[in-house]
Amino acid sequence: MKTSLQLLILFCFTSIFPQSNSSLSTKTMNDITNFIKDKQEYYNSPNIAVAITDNNKTIYLKHFGNTQKVNKYLIGSNTKSFTALITLILQEKGLLNIDDPVNKYLKWFKYKNNNVSNKITIKNLLQHTSGIDTEMGKTFLESDYDFDYIKYYSKTLKKIDINDLPEQPYIYSNVNYRLLGFIIENVTNKKFNECLRYYITNPMKLSETSADISTDLINSYQYFLYQPILKFNKSFHYQEAPSGLISSTANDMAIYLRNLMNSYNNNSNTILNSNTVKQLFTPNQNNKSGYGYGWRIVNDIFYHSGTNKSFESSMYILPSINKAIIVLINSNQAPDSEIIDGIAGILLNQKINKTSSFPYYRNLPLIAFIILITFFFQLIKWKKLNFPLSLSKKLIPNLLLLIGISLTIAFLFIFPQLNGASLKVAIQFDPASGYSIILIVLFTILTLILTYFNKNTKAIKI
């Protein structure tokens, strides 16, 4: 996820170096292509699709690897921009009002305190200020088609116990947009995928974009060490579609972004209502989240990213220079944000450096293997010493053992949180890393204990 500081830097350069010429020079295109190739090689990414559009047409469209123009990728949470747009279009048509309480449309929407849930509006769902936590939206990715999320949420939401505030703080959660999907279906009497076709993809002629979970996708992969070799078995639930299961191509996404950008800039080359789109890009004024309606906003820069279990994507609109960018990759732990930042930097003639956690996560299986070897050496030594179980009479060895075990257990919870996830989510989205974390913690603790006993064979035995 790109930082606000990086986007602020980009905004400054759009002001200092405005670009009215919508075409890309041969040098610029080559620079972009070479930059993407370098990132693909460094991260060993299987396939990357990139498109750049100006206000008239797609001016850059390339596919790296074996991917082709018609290959579809899941766009993850970039789906939220579509769901938000549909919601505002329905408001435009008088079918709902985003200031209405959610339970006007979903009677089962109730928290532990009804006084709180009665105040939660559609706008709160759009801006992630409903009080619903992130974990609820991440940890229950149900592939059983017969599973009913409405029944599940009607029970789970009643457990939410939060203070009665004028507005709840910003907390990003997929649940908010799944609830929006239910509202969209209720007011239109159509399935979400039908609404997507009727209000967006058909009018924009996005023939390769849908929320159909059975659509054919490009093969996608998860990493083991630095190799994307774990082919992902795609299985999804249709009620998760509004929060992150739209699939598309780079070409279709460029058309979609062009319509949004032109509408925001009052350009006639769009099918969208300008007032509706400008509301889409209006950030919440009551907090510092910078989140609008399915989009993150820093000044005049709009962006979002998306992650599925084996797909990642980033989209970027720079309305002040009439450019928009989409990056699609068919793997987890992908460099989509680095690539899109770098492309924006090239367009603005400013180098943008982004540090990635990729090497740290990819090396986790290797670290687990090294710790496992260390454990076996200590185990062999313990056996040779006839399995001693001795306690030290000194304070420092006991204290060091306690501190070591405590820090190791803390690592089990803290390390996944550095990437904004729980351990359960880490296992779901990046199993090689998730299970490596468990092995690292388990065998580190066992190694610490064996090392302690091996060094205290002369102490008083238990």
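Over 22 Å between Cα atoms, which of Lys190/Lys323; Lys107/Lys159; Lys72/Lys424; Lys37/Lys80; Lys37/Lys57; Lys107/Lys190 qualify?
Details: Lys190/Lys323 34 Å; Lys107/Lys159 16 Å; Lys72/Lys424 28 Å; Lys37/Lys80 29 Å; Lys37/Lys57 24 Å; Lys107/Lys190 18 Å.
Exceeds cut-off: Lys190/Lys323; Lys72/Lys424; Lys37/Lys80; Lys37/Lys57.
Taking Cα centroids, how far is segment 21-50 from segment 402-438 in Å?
A separation of 34 Å, based on Cα centres.
With a/c under 1.5 counting as rounded, go ahead and sort segment 149-303 into rounded, prolate or oblate using the C-alpha gyration tensor (a ≥ b ≥ c being the square roots of the eigenvalues; past the cut-off, prolate if a/b is larger than b/c, else oblate). Don't skip to the answer; put the middle values down first.
On the way: a/c = 1.36, a/b = 1.01, b/c = 1.34.
It is rounded, given that a/c, with a ≥ b ≥ c, falls under 1.5.
How would you classify segment 4-356 from its alpha-carbon gyration tensor, with a ≥ b ≥ c the square roots of the eigenvalues: rounded for a/c under 1.5, else prolate if a/b is greater than b/c, otherwise oblate?
prolate
What ranking do 325-334, 163-172 get when scored by the average of other Cβ atoms within 10 Å per residue, highest first?
325-334, 163-172
Please report, in debye to the nearest 20, how large the charge dipole of the chain is about its Cα centre when each Lys and Arg carries +1 at its beta carbon and each Asp and Glu carries -1 there.
1440
Given contacts defined as C-alpha pairs under 8 Å and at least six residues apart, what's the relative contact order of segment 363-454, whole-number percent?
Value for segment 363-454: 53 percent.
Taking the mean number of other Cβ atoms within 10 Å as a proxy for protection, how do you rank 337-348, 403-414 from highest to lowest?
Descending packing order for the listed peptides: 337-348, 403-414.
Compare the peptides 42-50, 251-259 by average per-residue count of other Cβ atoms within 10 angstrom and give them in order, highest first.
Result, highest mean Cβ count within 10 Å first: 251-259, 42-50.
At a threshold of 8 angstrom on Cα-Cα distance, excluding pairs fewer than six apart, so keeping six or more, what relative contact order does the chain reach in percent?
20
Let me have the 222 nm mean residue ellipticity of the chain computed from DSSP H runs of 4+ only, each contributing -39500 (n - 2.57), with the sum over all residues rounded to the nearest 500.
It comes out at -13500 deg cm²/dmol, rounded to the nearest 500.
In degrees, nearest 10, range 0 to 90: what is the angle between the Cα axis of helix 364-384 and the longest Cα principal axis of the chain?
The angle comes out near 10 degrees.
If R₀ is 60 angstrom, what is the calculated FRET efficiency for the pair Thr374 and Asn219, using the beta carbon separation as r and rounding to 0.05?
About 0.95, to the nearest 0.05.
Label segment 245-323 by shape, choosing from rounded, prolate and oblate, from the square roots a ≥ b ≥ c of the eigenvalues of the Cα gyration tensor; if a/c is under 1.5 it is rounded, and otherwise prolate applies when a/b is larger than b/c, oblate when it is not.
Oblate, since a/c reaches 1.5 and b/c is not below a/b.
Bear in mind these aren't lab numbers, they're just calculated from the coordinates by the rules spelled out. All of these numbers come straight from a predicted model, not from anything done at the bench. All Cβ positions, even for glycine, are placed from backbone atoms using ideal geometry, and neighbour counts span all protein chains on display.
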